[in-house]
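> Please find one structure pasted underneath; my questions will follow.
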Amino acid sequence: MAMVEQGAKLVATCLIALAVFFAGQSNAAEDTLFVSKRITPEGEYTPGIEGPAVDASGNLYVVNFQQSGSIGKVAAGASQSQLFALLPVGSIGNGIRFDRQGRMFIADFKKHNVWVIERGETTPQLYFHSDRFNQPNDLAIAADGTLYASDPRFASPAGGQISVRAGPADAPPVGSGPFGSAGFVQITVEDTGIGIPPELQERIFDSFYQADQNASREYGGAGLGLSIVKGYVEAHGGRVSVVSTPGKGSAFSILLPIEPASPRLH
């Protein structure tokens, strides 16, 4: 059941992102809040650029400056980066976070470490290591100082595929009105995983329900992802459904109403 929980999380993330995107299109033109712009020259960072974080003085720190395993610094108001620190050979940084004392923490996904650089220093010191890490990836620090690290495992020994499709609805939902399928957009996230047993397919949308109820669950989570998707979609007048075959995979679909083009008057 662990793979069911992992797949459900990924599906929930994709559906929430897509639902927010489509639902917000009508307000996009009038609600532009931010416009991105380049602040450093092209090519300063490797394709593995990650982990931006800002310290209390407004300085920006980003990993993989000019080479893997480095940390670049963009001083407040500057338009170019400079080398801030180098991680030990073989380590490659990902997420960066600062605590209230100004200490910098760096996730090292290559060597399964979390490094710390004390305020005013540039030399990384080992803060935590675990051979049970898959990475780690992103970091977060709670108000009480507790450090949390995400630890995704993107590769699976069994392989598999995930596809996302968006377009007009395959079939109009009941009570869709005169516009039928043309009045709805359908977003489907489909995988080739192990599938979901029929007796669980309705319950996975319940709040706090987790398909894997064992005490030794491999994957974490609160069992809220799909229930949030369902609530969000239904609040916008849409519907969410799942079609799954154990041993073959699952397809989650949402239908969201769209405003059809006004008919032309002749």
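> Might you report the magnitude of the Cβ-based charge dipole of the range 49-154 about its Cα centre, with Lys and Arg at +1 and Asp and Glu at -1, to the nearest 20 debye?
Working: 9 positive and 10 negative charges, 21 e Å.
The calculated dipole for the range 49-154 is roughly 100 debye.
> What residues from the range 75-106 fall in the zone where the backbone N is under 19 Å from a label point 7 Å along the Cα-to-C-beta line of A143?
Only 98-102 pass the distance filter.
> Let me ask another. Quick one: which of 188-197, 124-133 comes out on top by average Cβ neighbours within 10 Å, and what's the full order, highest first?
On the way: 188-197: 19.4, 124-133: 13.2.
Top of the packing list down: 188-197, 124-133.
> Quick one: dipole size for the range 85-136, taken about the Cα centre, charges +1 on Lys/Arg Cβ and -1 on Asp/Glu Cβ, in debye to the nearest 20. The partial results should precede the final answer.
On the way: 7 positive and 5 negative charges, 24 e Å.
Dipole size: approximately 120 debye.
> Take each of the peptides 33-46, 231-244, average the number of other beta-carbon atoms within 10 Å over its residues, and list them starting from the highest. Don't skip to the answer; put the middle values down first.
Details: 33-46: 9.6, 231-244: 16.3.
Result, highest mean Cβ count within 10 Å first: 231-244, 33-46.
> Determine the gain in length on full extension of the stretch S150-V54; use 0.36 nm per residue of separation and subtract their C-alpha separation, reporting nm with one decimal. Could the numbers behind the result be given before it?
On the way: separation 96, 0.36 × 96 = 34.56 nm, distance 1.96 nm.
Extending this stretch completely gives an extra 32.6 nm.
> Largest first, how would K110, K230, K248, K73 line up by accessible area (1.4 Å probe)? Numbers along the way, then the final one.
Values: K110 115, K230 75, K248 150, K73 45 Å².
Accessible-area ranking of K110, K230, K248, K73, largest first: K248, K110, K230, K73.
> Suppose the chain between S36 and T192 were pulled fully straight at 0.36 nm per residue; how much longer would it get relative to their current alpha carbon spacing?
Length gained, S36 through T192: 52.5 nm.
> With N set to the residue count of the range 45-99, report its C-alpha Rg divided by 2.2 N^0.38 Å to two decimal places. If you can, show how the numbers build up before the last one.
Working: Rg = 10.5 Å, N = 55, 2.2 N^0.38 = 10.1 Å.
For the range 45-99, the normalised Cα radius of gyration is 1.04.
> For N113, what residues show an amide H to amide H distance below 5 Å, using hydrogens built from the backbone and excluding near sequence neighbours?
D108
> Sticking with this structure for a sec: Could you give the length gained on full extension between I162 and L83, defined as 0.36 nm per residue of separation minus the Cα-Cα distance, in nm? Intermediate values should be presented prior to the final figure.
Details: separation 79, 0.36 × 79 = 28.44 nm, distance 3.83 nm.
Computed gain between I162 and L83 is 24.6 nm.
The values are calculated or read from the model by the stated rules, or taken from the named source; none is laboratory data. Quick caveat: nothing in here was measured; it's all calculated off a predicted structure. Backbone-built Cβ (ideal geometry, glycine too); neighbour counts: all protein chains shown. Heavy atoms of the whole protein, side chains included, go into the accessibility calculation; ligands, DNA and RNA do not. Shrake-Rupley method; radii C 1.70, N 1.55, O 1.52, S 1.80 Å.
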